[in-house]
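Peer 1: Sharing a structure, written as structure tokens. Questions coming.
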Amino acid sequence: MLPVARTRDEAHLYMDLHGCSRCGSSDIAWAESLADVGGVPARRYSGACRQCGLDREFLFELPERPTPPAPGRAVTFGADGDRSRLFDAGQWIAIADMTALASGLEDVPESEARESRAIAVACYDEALKFLPPGAARLSEEAFWSVAGRDFRRRSPERFRRDDLAARRAELIDRG
């Protein structure tokens, strides 16, 4: 069974977080093509690691409904209400935290900081999709990865609606 990437942005985030098995780099010029994997329509990403030359490949099942880029947004991971199957809520929040932190580093140019904040906001939006309407916190079912469950166990307060909304709002206020 292939992983499902709802958008190109979600696929690239996944690939960036799964660096080269030889050197750890995620610096690759990905070539994209459509593929058929046992009758399943897929998108193939292939390329050579720029650091060590290792050939790499990822295959993602195409979603049932394509998600076009959202107008006016720097990144689109999925349509409204369409939850990720690549990342669980804990992983989205960890990625948002890491990206938001990077946006505040002194040596980061403002244009890159703005882009990082936009990505972090989009990640918080993805985590919020796992919250049932009216729920105050994310339920156990929103965490299926080892990393996501470990993060939830270490910092349960981070998975409340009000905390996620406040962190999201702070990034938007920073511009």
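Peer 1: Once the convex hull of the alpha carbons of region 10-87 is built, what does its volume come to per residue, in cubic angstrom?
Peer 2: 113 Å³
Peer 1: Per 10 Å bin from zero, what fraction in whole % of the C-alpha pairs of region 104-175 is there, up to the bin with the longest pair?
Peer 2: Once binned at 10 Å, the Cα pair distances of region 104-175 give 18, 44, 28, 9, 0.
Peer 1: Once the other residues with Cβ under 14 Å from the Cβ of Glu115 are scored (Lys, Arg +1; Asp, Glu -1), what is the net sum? Please list the in-between numbers first.
Peer 2: Details: positive: Arg73, Arg114, Arg117, Arg174; negative: Asp9, Asp16, Glu110, Glu112.
Summing Lys/Arg as +1 and Asp/Glu as -1 gives 0.
Peer 1: Could I ask something else about it? Label-point separation (nm) for Ser25 and Glu110, each offset 7 Å from Cα along Cα-to-Cβ?
Peer 2: 3.2 nm
Peer 1: While we're on this one: FRET efficiency for Leu2 and Met98, Cβ-Cβ distance as r, R0 = 30 Å, nearest 0.05?
Peer 2: Calculated transfer efficiency: 0.70.
Peer 1: Here's another thing I want to ask about it. For Ser155 paired with Arg44, estimate the spin-label separation in nm (one decimal), with each label point 7 Å from Cα along the Cα-to-Cβ line.
Peer 2: Going by the 7 Å Cα→Cβ label model, 3.9 nm.
Peer 1: Check the chain for me: any Cys whose beta-carbon has no other cysteine beta-carbon within less than 4.7 Å?
Peer 2: Among the cysteines of the chain, those whose Cβ sits 4.7 Å or more from every other are Cys123.
Peer 1: In nm, to one decimal, how far is the modelled label at Ile172 from the one at Ala70, with both set 7 Å along Cα→Cβ?
Peer 2: 1.0 nm
Peer 1: Could you give log10 I(q)/I(0) at q = 0.12, 0.13, 0.15 Å⁻¹ for the chain, computed by the Debye formula over C-alpha point scatterers of equal weight, without solvent?
Peer 2: -0.61, -0.72, -0.95
Peer 1: Which GluC sites (Glu not before Pro) in region 83-159 sit in a loop by DSSP (not H, G, I, E or B) and have at most 13 other Cβ atoms within 10 Å of their own Cβ?
Peer 2: Glu106
Readers should treat all values here as calculations from the given coordinates under stated rules, not as data from a laboratory. Owing to the predicted nature of the structure, the values given are computational and were not obtained by experimental measurement. Positions of Cβ are backbone-derived with ideal geometry, glycine not excepted, and every protein chain shown enters the neighbour counts.
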